[in-house]
Amino acid sequence: MKRSILACLAGLLTWIVVVTVINRVLRLSLPNYTAAEHTLQFTLGMKWARLLMAIVTSLVAGAATRWISPSSR
């Protein structure tokens, strides 16, 4: 039980760290991304980047959770 709770918390922490890093990269690499982020007026490329960010972040957090708590009993 403790390991499952730890795995859940680690997955959440991993998700937060990864999404923060990717968001910073998007802000630096895409022109006008920071301005568009405040008004939510994204271009199609920005929307695709955000979708990929969500996919990658979820997969990495899931892998971290699975690594800590590999199987249910």
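Each reported figure results from applying straightforward, stated rules to the coordinates on display, with no laboratory input. What you are looking at is a predicted structure, and each value in this text was computed from that prediction instead of being measured. Every residue, glycine as well, gets a Cβ built from its backbone with ideal geometry; the counts of neighbours run over all protein chains shown.
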| said: For the condition under 13 Å from the mean Cα position of the chain (by Cα) and basic (Lys, Arg), what is the one hit in ARG50, ARG66, ARG27, ARG3? | reply: ARG50
| Those residues of region 1-53 which are surrounded by 12 or more Cβ atoms within 10 Å (Cβ to Cβ), part of a loop (DSSP other than H, G, I, E, B) and among the polar types (S, T, N, Q), in sequence order | THR43
